[in-house]
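The next block holds one structure in the form of structure tokens; read it before the comments.
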Amino acid sequence: MNKNERTLIFVAFTAEEIGGFGSQYFSKQLNPDDVVAMFNIEMIGKDSKFGKNTAFITGYDKSDFGSILQKNLAGTEFTFHPDPYIKENLFYRSDNATLAALGVPAHTISTDQIDIDKLYHTVKDEYSSLDVENILSTIKAIAKSAVSIISGADTPSRIPKLK
């Protein structure tokens with residue numbers, strides 16, 4: 001947009017399911033105090049349990065990241081919700097976990113209904129099972145909701161570091 005206050009880094013991690021090796025390696029390459037926020041986008045190819053044009057954010061209560069994103073979506077059809085799968089401990093099971101443990105407001109945005117998705121984490125979870133329109137609407141919402149963080153107008157609160 002030629003007016004970013006903050007640098008954007010796009011990363012595609014590997015090896016999450018076998019120990020999060022990619023995100024752990026990445027997290028060691030930078031100073032976590034210099035990272036303003038992490039948007040971990042995962043499993044957005046299916047409708048959220050909250051319906052069309054919705055997604056959930058893991059660790060919603062751990063920083064004001066989610067409320068900032070939602071504020072930036074005012075007047076749109078899209079809404080972000082707190083993680084409905086608290087018992088699954090998704091916040092500390094995804095690629096955001098390493099940075100979150102270091103205090104970065106690092107959250108995962110997802111739509112998958114893991115409690116009923118029979119393809120979740122199976123080899124049968126193929127492209128044909130995905131809703132491309134859902135992916136598109138979620139990506140557009142993330143882009144719109146990130147604008148104030150990217151411009152420097154908003155800075156999400158830090159997450160308490162794990163000891």
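The values are calculated or read from the model by the stated rules, or taken from the named source; none is laboratory data. Just so it is clear, the structure is predicted and the values come from calculations on it, not from any experiment. Note: ideal-geometry Cβ built from the backbone for every residue, glycine included; neighbour counts use all protein chains shown. Please note that ligands, DNA and RNA were not included when accessible areas were found on the heavy atoms of the full protein model with its side chains. Shrake-Rupley method; radii C 1.70, N 1.55, O 1.52, S 1.80 Å.
Give me a count of the residues in segment 7-64 that are under 17 Å from THR98 (Cβ atoms) and touching a Leu at 6+ places or on another chain (Cβ under 8 Å).
6
For residues that are within 17 Å of the chain's Cα centre (by Cα) and either polar (S, T, N, Q) or buried (at least 18 other Cβ atoms within 10 Å of the Cβ) (or both), tally how many sit in segment 102-122.
Here the count works out to 11.
Of all residues being touching a Leu at 6+ places or on another chain (Cβ under 7 Å) and open to solvent by less than 30 Å² (accessible area, probe 1.4 Å) in segment 123-145, which is nearest to ASN2 (Cα to Cα)? Just the residue, please.
Here is the first cut: in segment 123-145, the ones touching a Leu at 6+ places or on another chain (Cβ under 7 Å) are 125, 129, 141, 144-145.
Still in the list and also open to solvent by less than 30 Å² (accessible area, probe 1.4 Å): 141, 145.
Values: ALA141: 20, SER145: 17 Å.
The selected residue is SER145.
Go through (1) in a helix (DSSP H, G or I); (2) surrounded by fewer than 14 Cβ atoms within 10 Å (Cβ to Cβ) and name the single condition LEU69 misses.
Answer for LEU69: the failing condition is (2).
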